[in-house]
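*Asks:* The structure's right below; bear with me while I get my questions together.
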Amino acid sequence: MTPFPPPTRVAIDHDDYHAEFVGHTADGRQFFLTTPFRFASDEDPGEEFVALFLFDAAGTFLEAHIDSLGPRATLDRAHAQSVHDARLASLGPVTYGRIEVAPFGVDRFGTTFGLLLREDTEFTEDGEDPWWVELEPGNYMAFTSPWDSGEYDT
């Protein structure tokens, strides 16, 4: 049994890459607008999404609005941008900046979305925190301790 409990909050700092659309709404909620994806394979064409995750002021998950954009190979980029812009506009005035939110998961389109906890004891050296929080699907943002750093791996 690991001496490290799973994290209850993860900080995400606003940046110009995967965390470009994180911040706060005028009513105090926290938001994360992102573009998750399922990888394509020989058996699966994959799928692109726009996901808006909303949290209360304390970082507790409230709801997810997730739009399927279809397979990457046939992605209509103008439509994808329109969906993204509409989700952002639905928030009203926002302030971009650091958010601190709880890990969560929701199932949509036969896929689990969210900031999912994963314990990796196989590759963790003695004395290291084995927990990861990964943005899924796509695992394109992965967080490790310290949980308040706001930084992520891609």
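The values are calculated or read from the model by the stated rules, or taken from the named source; none is laboratory data. Bear in mind that the values here come from a model prediction, so they are computed numbers and not experimental data. Heads up, the Cβs are rebuilt from the backbone with ideal geometry, glycines too, and the neighbour counts pull from every protein chain shown. Side chains included, ligands, DNA and RNA excluded: accessible areas come from the protein's heavy atoms. Shrake-Rupley method; radii C 1.70, N 1.55, O 1.52, S 1.80 Å.
*Asks:* Just one of F61, F109 is among the hydrophobic types (A, V, I, L, M, F, W, C), loosely packed, with under 14 Cβ neighbours inside 10 Å and in contact with a strand residue (DSSP E or B) (Cβ under 6 Å, 6 or more places away or on another chain); which is it?
*Replies:* Details: F61 fails: loosely packed, with under 14 Cβ neighbours inside 10 Å.
After applying the criteria, what remains is F109.
*Asks:* Just give me the residues in segment 113-150 being at pLDDT 95 or above and acidic (D, E), in sequence order.
*Replies:* Listed by number, the residues that qualify are E134, E136, D148.
*Asks:* On to the next question. I'd like to verify a number: residues in segment 100-112 that are in a strand (DSSP E or B) and either acidic (D, E) or modelled with pLDDT under 95 (or both), how many? Even if it seems obvious, please write down each step before you answer.
*Replies:* Residues of segment 100-112 that are in a strand (DSSP E or B), as a first pass: 100-101, 106-108, 111-112.
With the extra rule that they be either acidic (D, E) or modelled with pLDDT under 95 (or both), the set shrinks to 100, 107.
Total meeting the criteria: 2.
*Asks:* If you check G97 against the conditions, is it modelled with pLDDT under 95 and in contact with a strand residue (DSSP E or B) (Cβ under 9 Å, 6 or more places away or on another chain)?
*Replies:* Details: modelled with pLDDT under 95: no; in contact with a strand residue (DSSP E or B) (Cβ under 9 Å, 6 or more places away or on another chain): yes.
So G97 fails the test.
*Asks:* Collect the residues in segment 2-43 that are closer than 14 Å to L115 by Cβ and of a type in the set (V, I, T), keeping them in residue-number order.
*Replies:* Passing the criteria: T8, V10, I12, V22, T34.
*Asks:* Which one is most open to solvent (accessible area, probe 1.4 Å), of the residues in segment 66-82 that are in a helix (DSSP H, G or I) and of a type in the set (A, V, I, L, M)?
*Replies:* Here is the first cut: in segment 66-82, the residues in a helix (DSSP H, G or I) are 72-74, 77-82.
Then keep just the ones that are of a type in the set (A, V, I, L, M); that gives 73, 78, 80.
Details: A73: 101, A78: 76, A80: 17 Å².
Checking each candidate, the answer is A73.
*Asks:* Just need a number here: residues in segment 13-24 that are in a strand (DSSP E or B) and open to solvent by less than 10 Å² (accessible area, probe 1.4 Å). Let's see the steps before the verdict.
*Replies:* Of the residues in segment 13-24, the ones in a strand (DSSP E or B) are 22-24.
Those still in the list that are open to solvent by less than 10 Å² (accessible area, probe 1.4 Å) too: 22-23.
Selection size over segment 13-24: 2.
*Asks:* Would you be able to tell me the number of residues in segment 30-46 that are surrounded by 14 or more Cβ atoms within 10 Å (Cβ to Cβ) and touching a residue at least 60 places away in the same chain (Cβ under 8 Å)?
*Replies:* Number satisfying all stated conditions: 7.
*Asks:* Somewhere in segment 47-56, is a residue open to solvent by 60 Å² or more (accessible area, probe 1.4 Å) and either touching a residue at least 12 places away in the same chain (Cβ under 8 Å) or under 25 Å from T144 (Cβ atoms) (or both)? Explain how you work it out, then say what you get.
*Replies:* First pass over segment 47-56, keeping only residues open to solvent by 60 Å² or more (accessible area, probe 1.4 Å): none.
Looking through segment 47-56, none of the residues is open to solvent by 60 Å² or more (accessible area, probe 1.4 Å) and either touching a residue at least 12 places away in the same chain (Cβ under 8 Å) or under 25 Å from T144 (Cβ atoms) (or both).
*Asks:* Right, next: Quick one: in segment 83-99, of everything that is part of a helix (DSSP H, G or I) and more than 23 Å from Y152 (Cα to Cα), which residue is least open to solvent (accessible area, probe 1.4 Å)? Quick ask: steps written out before the conclusion?
*Replies:* To start, the set of residues in segment 83-99 that are part of a helix (DSSP H, G or I) comprises 83-89.
Pick out the ones that are also more than 23 Å from Y152 (Cα to Cα) and you get 83, 85-87, 89.
On the way: V83: 23, D85: 77, A86: 61, R87: 57, A89: 74 Å².
Residue satisfying both the conditions and the ranking: V83.
*Asks:* Also: Considering only segment 113-154, state which residues are in a loop (DSSP other than H, G, I, E, B), of a type in the set (D, E, K, R) and open to solvent by 40 Å² or more (accessible area, probe 1.4 Å). Spell out the reasoning first.
*Replies:* Here is the first cut: in segment 113-154, the residues in a loop (DSSP other than H, G, I, E, B) are 120-130, 137-141, 144-152, 154.
Checking the rest, the ones that are also of a type in the set (D, E, K, R) come to 120, 122, 125-126, 128-129, 148, 151.
Hits for segment 113-154 are E122, E125, D126, E128, D148, E151.
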